[in-house]
Structure formats: C-alpha cells, structure tokens
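The values are calculated or read from the model by the stated rules, or taken from the named source; none is laboratory data. Keep in mind that this is a model prediction, so the values were computed, not measured. Reconstructed Cβ throughout: ideal geometry from the backbone, glycine too, with neighbour counts over all protein chains shown. These accessible areas exclude ligands, DNA and RNA; they are computed on the full protein's heavy atoms, side chains included. Shrake-Rupley method; radii C 1.70, N 1.55, O 1.52, S 1.80 Å.
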Amino acid sequence: MTKIDDILSSLASRRGALGIAGGLAVSAAAVAGARTVLSQPVPARTTPASPGSAPVTGPIPYGASVSSDDLPKDPDYQRALIRYCQQVVPEYGLKWSSIRPASGKFDWGPADAVIDFAKVNRLGVRGHTLVWYEAMPDWAKKISTAAEAERELVTHIETVVSRYKGVIKSWDVVNEPLGEKAISASQLRSSVWSNLLGERYLEIAFRTAARVDPDCQLVLNEYGIETTIPQDRGKRTAFRDLIRRLKDKGVPIHGIGIQGHINAERAIDTEGLASLVGEITSMKMATLVTELDMIDNKLPGPVEVRDALTAAKTYELLDTITRVTRPSAIITWGITDKRTWVPMWNKRDDGRPNRPLPLDADYRPKPMWSVIEYFSRGRA
Ligand code: XIL
C-alpha cells in the first residue's frame, strides 16, 4: 500500500485518527472513489511532447491558466504545460488591466505570449475574460455615463473577440456577475458596468461577442456556488435565476463556468451542485470547470494528508458534475504549486507553502493529478 492509500483508507475508516477538528468535509464515497483511482496502475505516459507535436486528447479536455511573465523564463513550466494540457488560458493577459492601457489602446503582448505558445504547441485557448468588475485600469473606472460605458464595452469586445476569432474558441464573456453575498439574481456585483447599465450589460456583452464570432462558445463564469455553506447556497440559487432570466430573453449564452476555487475544508454540496448542472444541461448549455484549485490553508499540515484530502475533494467535485453531464472543459487555475494565486489571500498559518494544484512545485504529478486525469480521460 502506498502512503496515500494508507491515508485514504484511514480517512475512510477512522476519521478521527488524523485529528481533523470537526470531522472531514468529504464523503466516504469520494474517499473510496479517490482510492480506486489512485490504486489503478498509472497509465504509461509518453515522453513529454516536443513543441509542434499533437496534443494528448481525451474526452474532457484538461487545461490550465498560464502566467505570461513566467512562461518565457521557465522551460520546465513550458514542458509541463505541453505534457499535461490540451488547452491553456492566459491568467491575466486578456483582462482590461493588462490589455487596455488607455481608451482606444490595446496591448496584446502578454496575451499573445501565451496564445503564440499555444499555437506553436497546438494547444487550444480559452479566453478569460471580456467583462469583470475587477482588474480595471484607472481610466476605465472613471467611465461615468451609460452611453460611454456601452460604447467602451462594445468596442472592447468587438476588437478583442475579432482579433482572436478562430483561435479562442471559448470565452468567459462575463466573469463573476453576482455580488459576493447575493441571494437573488438582481444582486449584481457592483461595477462600472452594472452601475451604469444594470443587467443590460450582460446582454450587451453576450450579444456583441456572438455577433463578432458566431462560432465561439460564450460562457458566463461564477464562483462561490459549490459548497454547503449558506453563502454558496444563496449564490447558487441567485446564479440559477440569473441564468434563467438571461436565457428567457434569448441572450446567447452557450456555457456556464463553475470556477471551482474550493476551500478544501468545506463540503461540496453534491445535491445542490448536481441540480444546478442538471438545470444548465436542460437549458441546452455546456458546463465547464474553469478555475479549479483546492484552497488548502485550513487543511492539516502534513503533505501526504493534504494531498490525499485535495485528491478526494477533487474527486467529489468532478464526480458530482460528471454524473450529470460531460463538462466541455476541466481547467485548473495554474498547473504547479510553484505558481498559484492561492497564497495571495489564503496563506497557511503554519508557514508551509500551499499545495492547491495538480503538480507540485517541482512539476511532479500529485494525487490530485491522477484524479483529474481519470475524469479527463472519461473515467476510463
Ligand atoms: C487572479 C490571478 O490568478 C492573479 O494572478 C491576478 O493577480 C488576480 O486574478 N477568479 C478569477 C481569476 O476569475 O481571474 C482570478 O485570477 C482568480 C479568481
């Protein structure tokens, strides 16, 4: 038995043994599932693909967000992305703060660094994001009339979507539309866009993107909708209502992004999430996991225990979703623990580094990777 398997079996039988206060917020079924995945022989992997070779294909394409600052400097990073990913997402290069230094100006450099890498290595690209309340440059924060807001929004989307037409085949058109504590669809997140245009900004954004690239998958992306905490339950209901309302108006939304930034000590709301995914599917839209990571600051310190728990929790999330539908993508927010946004807000009190991602800081696959690979291959 491997150490991880030992830990998982002890989680399955003697939950108290690891001294995790308040019990473990992961189901016995998920622990058992992760154990099965991890006890399967690891499928033979080919040597890392060299630039220009075909990507590994799988029934659910896996991908990761990519830092354009680090990419050119780190060959190990490049190799890991080529080896494990079928697609990549510029982590910040397409956000307004990066791409829009001034009204009427576009800086394509950081986004192109990632997108050119993807092209050379025949990886797909997702776009993140055309509209967000965050990461706005100062000049755009000063937009003060509805007419100006609409003009800037439309010009931005026309310019950016048309530049990457045929390359970016799936866009997070609007990111995080709802207020943090929203319990109804009308509680939109305060932003230049919602404050000046109201709910209409979502409609404008999706309709403009669809007009410019009718073949692109247009996605509405949200977080804080996955677990059993009351805030997530409320926001999940609000999100479902917002989606329904927009679809009823004929807004061209083709996919719903469930970000999947999971506070790993919380329980996945398997019923609530499955029901949301069921509704998305019944509205004829795709479901995507767009920003998966396991926020591990509240988990026990020992690395093996943490890795076992994050693997089991990843299993629980992906199992819940894939029992209802086959998501059109599984994306993690970063690929290696070496570079992750998690410590920006969720540093551990014990000073140990966070381990939220599928590869460790030395690019070695963790148990979380085995779980992702299992689902990405279609539970083969
Ligand atoms: C984060 C990036 O990872 C950081 O590098 C950046 O400084 C701030 O934004 N939800 C999102 C992402 O939709 O855009 C955020 O990305 C993480 C939370």
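What to note about this one:
- Accessible carbon and sulfur surface of the stretch 180-266 relative to its total accessible area, %, 1.4 Å: 47 percent
- Antiparallel DSSP beta bridges within the chain, percent to nearest 5: 10 percent
- Sequence-distant contacts, meaning Cα pairs under 8 Å at least 6 residues apart, place the relative contact order of the stretch 299-380 at 35 percent.
- Estimated FRET transfer efficiency (Lys141, Lys3; beta-carbon r; R0 51 Å; 0.05): 0.50
- Loop trypsin sites (Lys or Arg not before Pro), the stretch 264-338, which have at most 15 other Cβ atoms in a 10 Å radius of their Cβ (DSSP): Lys284, Lys298, Arg323
- Note on the chain: GNM, Cα springs under 10 Å; of Gly127, Gly63, Gly179, the largest mean-square fluctuation is that of Gly179.
- Straightening the chain between Ala361 and Ser186 buys 58.8 nm, computed as 0.36 nm per residue apart minus the Cα-Cα spacing.
- Per DSSP, loop trypsin sites (Lys or Arg not before Pro) in the stretch 115-150 with at most 15 further Cβ within 10 Å: Arg122, Lys142
- Proximal aspartates and glutamates to Lys284, defined as alpha-carbon separation beneath 19 angstrom and excluding residues fewer than eight positions away on the same chain: Asp172, Glu203, Asp215, Glu222, Asp241, Asp248
- Entries of Lys73/Lys347; Lys95/Lys142; Lys95/Lys165; Lys3/Lys366 with Cα pairs more than 19 Å apart: Lys73/Lys347
- Gaussian network model of the chain, springs between alpha carbon atoms under 10 Å - residue of Thr290, Thr325, Thr310 with greatest fluctuation: Thr325
- Projected-area mean, the chain, by convex hull of Cα positions, square nanometres: 17.9 nm²
- Pairwise FRET efficiency - Met283 versus Glu148, Cβ, R0 = 41 Å, nearest 0.05: 0.80
- Those GluC sites (Glu not before Pro) in the stretch 225-300 that DSSP places in a loop and that have at most 16 other beta carbons within 10 Å: none
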